[in-house]
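Student: There's a structure below that I have some questions on.
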Amino acid sequence: MDFARVDPGTWIIREHERGESLFVILDGKVEVLKENEAGEPQCVATLGRGDVFGEIDLLDQVPRTASLRALEPTELLTLRKTDFDGILDSALGARKIKSAVQVCAFLKRNPLFAEWHPQPLLKLSHDFAFAEYQPGDVVIRENQPNDSFFLVYEAEFSVRKGGATCASLRPGDFCEEISLLRDTPATADVVATKAGRCLKLAKDNFVRLVSQDFLTGLVIETTAESRLRERPAA
């Protein structure tokens with residue numbers, strides 16, 4: 001890996017450009033910006049010491065999905081795509097390693113798991129599985145049994161109660177925690193509005209997650225109670 005130091009205001013990567021490196025923040029802080037419908041960059045997250053970014057573009061071979069700009073003097077380690085690919089190609093179970101890197105980096109950016117130590121986070125990443133959806137696909141049907149916790153990885157999903165839309169889910173949002181916590185059928189339909197993927201966690205692993213990590217379980221349970229109060233009756 002190479003070392004780099006950047007000044008505040010420096011654009012590290014630009015949305016839509018081709019990615020040739022991933023980055024690890026040694027010190028400092030950067031902001032993550034995504035273009036809105038008007039093409040204007042909006043801050044969607046901030047990253048700090050120990051965070052990794054740029055891996056999605058290398059793993060999925062797609063243009064940069066966001067721009068990143070230094071908020072303060074920042075020190076980085078960079079790994080070029082050729083070296084990154086060489087690590088994966090030389091490792092046993094390269095596909096599994098690739099998926100674990102992808103899921104770990106995504107979970108680390110989510111407030112639910114931001115404070116987790118890398119080792120338990122890596123272990124948790126193996127419990128998640130990707131599920132792909134096309135526009136109009138029904139992820140979960142209201143009043144039907146459910147056996148998974150869903151974390152939106154990309155695209156958007158609509159939450160519908162009694163046929164009426166009551167919420168939208170975007171990357172980082174989760175759903176179906178209510179049915180798992182209460183051991184009841186799903187409380188609403190969840191429908192894909194754009195093509196994308198979710199991370200699925202089986203019920204047994206979800207129960208272990210909320211029972212073993214107090215803070216994560218508390219956030220999930222608090223969100224569930226809030227949603228129950230806000231959603232209209234069918």
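Throughout, read-outs are computed from the coordinates displayed, never taken from laboratory work. On a predicted model such as this, the values are computed, not experimentally measured, just so you know. All Cβ positions, glycine included, derive from the backbone under ideal geometry; neighbour counts span all protein chains shown.
Student: In whole angstrom, note down how far apart the Cα centers of segment 157-188 and segment 35-51 are.
Tutor: Each part reduced to its Cα centre gives a spacing of 26 Å.
Student: From the alpha carbon gyration tensor of segment 2-90, can you work out the equivalent ellipsoid semi-axes (sqrt of 5 times each eigenvalue) and give them in Å, largest to smallest? Intermediate values should be presented prior to the final figure.
Tutor: Values: eigenvalues 89, 62, 17 Å².
Result for segment 2-90: semi-axes of 21, 18, 9 Å.
Student: Take the Cα pairs of segment 1-52, get the Kirkwood Rh, then feed it into Stokes-Einstein at 37 °C and 0.692 mPa s and tell me D in µm²/s.
Tutor: Values: Rh = 12.4 Å.
My calculation gives 264 µm²/s for D.
Student: Give me the Å³ per residue figure for the convex hull around the C-alpha atoms of segment 128-230.
Tutor: 86
Student: If you don't mind, another one. Let me see the P(r) profile for the chain: every Cα-Cα distance counted, bins of 5 Å, each bin given as a percent of all pairs.
Tutor: 1, 6, 12, 17, 18, 16, 13, 10, 5, 2, 1, 0
Student: What pairs from LYS108/LYS200; LYS29/LYS81; LYS123/LYS203; LYS161/LYS203; LYS34/LYS194; LYS34/LYS108 go past 20 Å between their alpha carbons? It would help to have the intermediate numbers written out before the result.
Tutor: On the way: LYS108/LYS200 16 Å; LYS29/LYS81 23 Å; LYS123/LYS203 16 Å; LYS161/LYS203 22 Å; LYS34/LYS194 17 Å; LYS34/LYS108 18 Å.
In this structure, LYS29/LYS81; LYS161/LYS203 lie more than 20 Å apart at Cα.
Student: Neighbouring Cβ atoms within 10 Å as the yardstick, rank TRP11, TRP116 fewest first.
Tutor: Working: TRP11 13, TRP116 19.
Going from sparsest to densest Cβ surroundings: TRP11, TRP116.
Student: Rank the residues ASP127, ASP7 as a footprinting-exposure proxy: fewest other Cβ atoms within 10 Å of their Cβ go first.
Tutor: ASP7, ASP127
Student: Go ahead and run the numbers for FRET between LYS203 and ALA164, Cβ-Cβ distance against an R0 of 35 Å, rounding to 0.05.
Tutor: Computed FRET efficiency for LYS203 and ALA164: 0.80.
Student: So for CYS43, CYS198, CYS104, fewest C-beta neighbours within 10 Å to most, what's the order?
Tutor: Working: CYS43 12, CYS198 29, CYS104 21.
Ordered by Cβ neighbours within 10 Å, fewest first: CYS43, CYS104, CYS198.
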